[in-house]
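Everything below concerns the one structure shown next.
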Amino acid sequence: MTLSISNTDKSWIEVADNSDFSLQNLPFGIFRTQNLSPRVGVAIGDQIVDLQSLFVLGYLENLPFTKDDFATNYLNSMMLKGKAACRDLRLRVYKLLLSDSPDLQQNEHHCAQILVNQSDAIMQMPVKVGDYTDFYSSREHATNVGIMFRDPENALLPNWLHIPVGYHGRASSIICSGTPIHRPKGQQRPNDSEPPVYGPSKLLDFELEMAFITFEGKPLGDSISTTEADDYIFGMCLFNDWSARDIQKWEYVPLGPFLGKNFASSISPWVITLDALEQFRIPGPVQEPKVLSYLEYEGDKHIDINLQVAIETDAGNETVISNSNYKHMYWNMNQQLAHHTVNGCDIHCGDMMASGTISGPVPESYGSMLELSWKGTKPLTLNDGSERKFLQDGDTVIMRGYCEKDGVRVGFGEVSTKILPAK
Ligand code: CA
C-alpha cells in the first residue's frame, strides 16, 4: 500500500499555522551551517531535516539513494534518480515526521543530529542550472507591454495567442535569495534623436515570476507531450527576473533580450515539489483561438499561488507594492514544456523554466515596476513617503508566495535581493 499525504495529518515537530513549510509541503533545498558542509535538507516549520544525517543514521534504507546524493552542493544528483524515487523519498520523510510515528521522534540523540534550526542555516542555490528558458506567458503583462511600447489597438503580437513565446536566457547568473546584485551598466539610448550612451542603468526593474525545475528529459529529437509534462517537472520556486529596461529597450530588436536581462535572476531557496502543489490546481482560462493540437491539454493544469512583491528601503521600511497570483497565467507549464520540446529540443535534469512576468488584471496586481509605474508616468509612493518609478540603490526587492486551501498552507518562503550601486 502506498502511503499518501493527508491534509489532516500533523507532525510531532511544531508548525505554526502561518508557516509556509507545513507537513504537507516538505520542500527540498541545499543548506549549510557553521559546522555542517552543504547538504540536502527538507524544510518543516522553522526547522530543516538534514537528509545526509538521516541517510547516515539508516532512516532512508530501501530507497535508491547513496550518501553522495545528499552530501552535495546541488539537488541534481538526487533528482537524477527520477520522479518516482524523489516521491518515495519525500513520503519517507513525511512518514518519519508524522505525529504518531515513533521511530525518529523518540530517539532524542538522532533528533539532535537530524534537525537544524532554519535560523542557523545558510541556504544555497538548490540546483545547478543547466539551461534557463524564460517564457512570456501572462496575457495581462504582454498586453500592458504591447500598449506601452507598440500599439494600444493591437497590443498582443499576432503569434502570442498561438505560441507560448519564450527565449533562451543565461544560467550562470541565476543566484539564490540573499545574494545582493550590483546595478548593471550598459548601452542605452535615452533620447531617440541622439546617439547611445554608456553607464549604469537608470531603469532597473524586477519581474515577478515563478520557475519550474525539470528532471532529466528525453533524448534529443524526442518531444514531451502536455500529458507527459508533469512527469518531467520536479518542482517550483519564486523567480525574480531582474531587468534593465533602458538597456533592454535599445538592444532587443531584432533578436530579443540580452544584456538587459542576463546580469542576474534571483530564486527562492526551497523547491516546492509539484506533488505538494497538486491539490491547488485550478482550471486555466479558455484559450481562444483554439490552440494547435500539440498544445491541447486535459485536466486542471494551472495553480492557485498567491504572490506578493515588496520593496524594503535601505532604512528597513517595507511596502507591499503588488499582489498577484500564478493562476493568471495564460499558458501553463505543461504547454510550455510541450512547446519547448515539440521541435525535438532536449531538456535535462536541473533546467529552469521561468513563467514570464505574472501580472493580474488590476494595476495593484502588476508584476513589474514598468507596469506598476506605467513606464514611469505614475510613481508609487512607499510607506516612508518616498517615490519610486523604478528601483533605487539600497532597495531590497522581496517576493513571497503561498497556496492555501482547506486549512493547509503550502508556501514558497521568499526571494529577497538587495540592490547595490553599480561597480
Ligand atoms: Ca522575464
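Derivation of every value follows stated rules applied to the coordinates shown; laboratory data play no part. This one's a predicted model, so the numbers in the text were calculated from it and none came from an experiment. Methodologically, a virtual Cβ is constructed for each residue, glycine included, from the backbone with ideal geometry; neighbour enumeration extends over all protein chains shown.
For the range 192-259, list log₁₀ I(q)/I(0) at each q in 0.20, 0.29 Å⁻¹, using the Debye formula over Cα point scatterers of equal strength and ignoring solvent, two decimals each.
Here the Debye-derived log intensity ratios amount to -0.91, -1.23.
What 222 nm value per residue comes from the helices of the chain, counting each DSSP H run with n ≥ 4 as -39,500 (n - 2.57) and dividing by all residues, nearest 500 deg cm²/dmol?
Values: 10 runs with 71 residues, N = 423.
Result for the chain: -4000 deg cm²/dmol, rounded to the nearest 500.
With +1 on the Cβ of every Lys and Arg and -1 on the Cβ of every Asp and Glu, and nothing else charged, how large is the dipole of the range 254-307 about its Cα centre, in debye rounded to the nearest 20?
In total the dipole reaches around 300 debye.
Output the 0 to 90 degree angle, nearest 10, between the alpha-carbon long axis of helix 139-149 and the longest principal axis computed from the alpha carbons of the chain.
30
Can you tell which of PHE412, ASN383, ALA422 lies farthest toward the positive end of the dipole of the chain, using +1 and -1 charges on the Cβ of basic and acidic side chains (Lys, Arg; Asp, Glu)?
The residue sitting most towards the positive pole is ALA422.
Where does each of HIS141, HIS340 land when they are ranked from fewest to most other beta-carbon atoms within 10 angstrom? Could you put the intermediate results ahead of the total?
Numbers: HIS141 28, HIS340 24.
Ascending number of Cβ neighbours within 10 Å: HIS340, HIS141.
Looking at the range 159-224, which trypsin sites (Lys or Arg not before Pro) are in a loop (DSSP not H, G, I, E or B) and have at most 15 other Cβ atoms within 10 Å? Present the calculation step by step, with values, prior to reporting the outcome.
On the way: sites: ARG170, LYS185, LYS202; in loops: ARG170, LYS202.
Qualifying residues, ordered by number: LYS202.
For the range 177-297, what's the radius of gyration and Dmax over Cα atoms, in angstrom?
Here Rg and the maximum Cα pair distance are 19.1, 55 Å.
Under 10 Å, Cα contacts only: if you run a Gaussian network model on the chain, which one of ASN317, ASN334, ASN159 comes out with the highest mean-square fluctuation?
Checking each option, the largest mean-square fluctuation is seen for ASN159.
Rg (Å, one decimal) plus Dmax (Å, integer) for the alpha carbons of the range 152-224?
Using the Cα atoms of the range 152-224, the pair Rg, Dmax is 18.4, 50 Å.
Take the chain, drop everything but the C-alpha atoms, weight them equally and run the Debye formula without solvent; then report log10 I(q)/I(0) at 0.07, 0.09, 0.10 Å⁻¹ to two decimals.
Results for the chain at q = 0.07, 0.09, 0.10 Å⁻¹ read -0.34, -0.56, -0.69.
Over the alpha carbons of the range 247-362, what is the largest minus smallest coordinate on each principal axis, giving the biggest first in Å?
Cα spread of the range 247-362 along its principal axes, largest to smallest: 52, 39, 32 Å.
Find the percent of Cα-Cα distances in the range 60-99 that exceed 15 Å, and round it to a whole number. Provide the component values of the computation, followed by the final result.
Values: 308 of 780 pairs.
More than 15 Å apart: 39 percent of the Cα pairs in the range 60-99.
Mind scanning LYS290/LYS375; LYS202/LYS375; LYS83/LYS261; LYS83/LYS218 and naming the pairs with a C-alpha gap bigger than 24 Å?
Numbers: LYS290/LYS375 33 Å; LYS202/LYS375 12 Å; LYS83/LYS261 31 Å; LYS83/LYS218 14 Å.
Result: LYS290/LYS375; LYS83/LYS261 exceed 24 Å.
Shape verdict for the range 299-396, please, from the Cα gyration tensor: rounded (a/c under 1.5), prolate (a/b greater than b/c) or oblate. It would help to have the intermediate numbers written out before the result.
Working: a/c = 2.62, a/b = 2.16, b/c = 1.21.
Note, shape of the range 299-396 comes out prolate.
If you bin the C-alpha pair distances of the range 28-124 every 5 Å from 0, what whole percents do you get?
Result, from short to long distances: 2, 13, 26, 27, 20, 10, 2 percent.
For the range 68-146, what number results from the quotient of the Cα radius of gyration and 2.2 N^0.38 Å? All intermediate terms of the calculation are to be shown ahead of the outcome.
Numbers: Rg = 19.1 Å, N = 79, 2.2 N^0.38 = 11.6 Å.
Taking N as the residue count of the range 68-146, the ratio is 1.65.
Placing +1 at every Lys and Arg Cβ and -1 at every Asp and Glu Cβ, with all other atoms neutral, what dipole size does the range 132-420 have around its Cα centre, in debye to the nearest 20? Walk me through the numbers before you get to the answer.
Values: 23 positive and 38 negative charges, 147 e Å.
Using only the charged Cβ atoms, the result is roughly 700 debye.
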